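Report on the structure given below.
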Amino acid sequence: MFKTRDRNTDRKIRHARVRKKISGTPEMPRLCVYRSLNNIYAQIIDDTKGVTLAAASTQEKDVMAQIKDTDKKGAAKIVGKLIAERASEAGIKQVVFDRGGYVYTGRVAELAAGAREAGLEF
């Protein structure tokens, strides 16, 4: 009998394959996205030092207040704008986008669009 895999296992395999090629440097850190069922998280990471330079998620109190009347896509866009603002405060203008093995549509695409609108380049 064949052993079946679930979606998350397939996503992790895709993510591992992409991470072989993508790495964050001090000049161009990695914007990493994690999407759970109800929330979305974004981190800007310098892989050479193993340090998170900026982070944002829908779990933060100030973000929760903004997203209470929006859908998940709208919340992702707000998180994208917030991560771009925090990146600019840290002096980061360009990043490498790591979609975490997720398909580039829906919430992941909205987060990227929000970050681009706020001035982050990738």
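The values are calculated or read from the model by the stated rules, or taken from the named source; none is laboratory data. Because the structure is a prediction, the values reported are computed rather than measured. Because the Cβ atoms are built from the backbone with ideal geometry, glycine has one as well, and the counts that use them run over all protein chains shown. The area values use the complete protein model at the heavy-atom level, side chains included, leaving out ligands, DNA and RNA. Shrake-Rupley method; radii C 1.70, N 1.55, O 1.52, S 1.80 Å.
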Pair list, Cβ under 9 Å, 6 or more apart: region 72-90 residue touching a residue at least 24 places away in the same chain (Cβ under 8 Å), other residue acidic (D, E) and surrounded by fewer than 17 Cβ atoms within 10 Å (Cβ to Cβ): K77/E117; V79/E60; G80/E117; K81/E117; L82/E60; L82/D62; A84/E117
Residues of region 63-90 being open to solvent by 60 Å² or more (accessible area, probe 1.4 Å) and not hydrophobic (A, V, I, L, M, F, W, C), which ones? Q66, K68, D69, T70, D71, K72, K73, K81, E85, R86, S88, E89
Please verify whether region 2-16 includes one or more residues that are modelled with pLDDT of 95 or more, part of a loop (DSSP other than H, G, I, E, B) and either among the β-branched types (V, I, T) or more than 18 Å from E117 (Cα to Cα) (or both). no
Give the residues of region 11-49 that are open to solvent by 30 Å² or more (accessible area, probe 1.4 Å), under 16 Å from S88 (Cα atoms) and within 13 Å of the chain's Cα centre (by Cα), sorted by residue number. Q43
Could you pull out the residue among V103, V96 that is closer than 19 Å to A16 by Cα, in contact (Cβ under 8 Å) with a residue 60 or more places away in the chain and open to solvent by 30 Å² or more (accessible area, probe 1.4 Å)? V96
Go through region 1-49 and give me each residue that's more than 24 Å from A84 (Cβ to Cβ) and aliphatic (A, V, I, L, M). M1, I13, A16, L37
Under 6 Å by Cβ, and 6 or more places apart or on different chains, what pairs join a residue from region 47-67 that is under 23 Å from P29 (Cβ atoms) with one that is of a type in the set (G, A, S)? D47/S23; D47/G24; L53/A90; A54/A87; A54/A90; A56/A42; T58/A75
